[in-house]
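The values are calculated or read from the model by the stated rules, or taken from the named source; none is laboratory data. Only a predicted model underlies this, so the values are computations on that prediction, with no experimental measurement involved. Positions of Cβ are backbone-derived with ideal geometry, glycine not excepted, and every protein chain shown enters the neighbour counts. These area figures cover heavy atoms from the full protein model, side chains too; ligands, DNA and RNA do not enter into them. Shrake-Rupley method; radii C 1.70, N 1.55, O 1.52, S 1.80 Å.
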Amino acid sequence: MKFFSKMRGGGLSPPAVGFSEIIWSWLGAFLGISAVAFLNYNLFSDTDLIFIIGSFGASAVLIYGAVRSPLAQPRNLIGGHIISAIIGVIAFKLFNTHLWFASSLAVATAIAAMHATKTLHPPGGATALIAVIGSQKIHNLGFYYVFIPVGAGAVIMLIIALIVNNLCKTRKYPEFWL
Amino acid sequence: MKISELNRHSVGVTNEDIIQAMKKISGYLDITPSDFMEVYQVAYTHAFERLTSSIKAQDIMTKKVIAIDEDTSPIDTVKLMARHNISGLPVLNKKNKVSGIISEKDFLKQMNTLKQPSFMNVILQCLESKGCIALDLKKLSARDIMSSPPITIEMNTPVLEVANLFESHNINRVPVLDKHLNLAGIIARSDLVQAFC
């Protein structure tokens, strides 16, 4: 019965953040995503290069919206994306004939690898998955996927996070680098 | 209950305190109140143990110990205890080693025939008989009254252990012995209170 009683929760829900926190989160995310989206749609639109992937939206939640979270620190942001990207590409290359397997293997292994390397970053799971279920354009990138869009995008968003989060008086970013 | 356990249960921070603190700290904290509570309790216990194990018996003991030898008469013993306003003292044998401890409790034990030595039982016995039952003690010496063998500790025994010893043996003072097992000091419950506060 303990199994079911654990599902009841019973803990308290944390309080909501203040108004200024909401504004700063919005501003950071707007600028961070602007940077990679502008590169993607305006500067490199005629090339085969991709600068934005869906998992950046999730990273934005963490690095602009939950600045103090261990999951949002540079080590996790960069490390989590890159490690997961490598795993995603390998999973696709090895098992692209069985996409269901490549998908689950990519995400599960990415989580395990991020845990093992202390780089857990939830959007990493999406980065690994996108390497498998993404467009032809993504698949054509092969291991370049790890550098562009993933590595480059993560670094650009990190730079914006360093600027915006430290302009805010009540914020400090990062908590730690490594 | 051991002191360390006692503290774990009475850390005293409520969920409400944590919620208020989380509201006060600007920025989104990626934890639930129960995360904090768990971290806090473990950290508190850790800090408590670190502090209490860093304080040793020798840091809080009273070095000037009032002691008697085994042949001391009850009158002299009682006089000494009354004069110094203490409720117990160590008894030394001829080789100057602690051979026992005499406390109020030991006197009560001698004075009443009932199993439960208590002040009220002694008064009861006094009221029921006509004389003072303490008179029977006159022919005894410290050797006959003391509790022996004594519970003792070493100079570097952590204070936390001393506290638990008091609790488990239900005693109020304990002699501290040096390397050569000679009396170096004594710790009473009141010394502990000061160490913890």
### Query
Is it the case that the range B:137-153 has a residue that's among the acidic types (D, E), open to solvent by 50 Å² or more (accessible area, probe 1.4 Å) and more than 17 Å from B:I102 (Cα to Cα)?
no
### Query
Based on what the data block shows, is B:A163 surrounded by 12 or more Cβ atoms within 10 Å (Cβ to Cβ), more than 19 Å from B:I66 (Cβ to Cβ), touching a helix residue (DSSP H, G or I) at 6+ places or on another chain (Cβ under 7 Å) and small (G, A, S)?
yes
### Task
Confirm whether A:V132 is in a helix (DSSP H, G or I) and under 11 Å from the mean Cα position of the chain (by Cα).
no
### Task
At least 3 residues that are free of Cβ contacts under 8 Å to residues at least 40 places away in the same chain and out of contact with any helix residue (DSSP H, G or I) (no Cβ under 9 Å at 6 or more places or on another chain) in each: list the helices (runs of 4 or more DSSP H) lying fully within the range B:27-114 that qualify.
B:33-54, B:74-84
### Task
Kindly indicate whether B:L165 is touching a residue at least 24 places away in the same chain (Cβ under 8 Å) and hydrophobic (A, V, I, L, M, F, W, C).
no
### Query
For the range A:1-72, list the helices (runs of 4 or more DSSP H) that sit wholly inside it and hold at least 3 residues that are more than 14 Å from chain B (Cβ to nearest Cβ), out of contact with any strand residue (DSSP E or B) (no Cβ under 8 Å at 6 or more places or on another chain) and open to solvent by 60 Å² or more (accessible area, probe 1.4 Å); which are they?
A:2-5, A:19-38
### Query
Residue check, B:V39 against (1) aliphatic (A, V, I, L, M); (2) under 25 Å from A:I22 (Cβ atoms); (3) open to solvent by 70 Å² or more (accessible area, probe 1.4 Å), all met but one. Which one?
(2)
### Task
Filter the range B:165-197 for residues that are in a loop (DSSP other than H, G, I, E, B), over 20 Å from B:L51 (Cα atoms) and of a type outside the set (D, E, K, R) and give the result.
B:N170, B:I171, B:N172, B:H180, B:L181
### Task
Looking at (1) among the hydroxyl-bearing types (S, T, Y); (2) farther than 22 Å from A:G28 by Cα; (3) out of contact with any Leu (no Cβ under 7 Å at 6 or more places or on another chain), find the lone condition where A:T170 falls short.
(2)
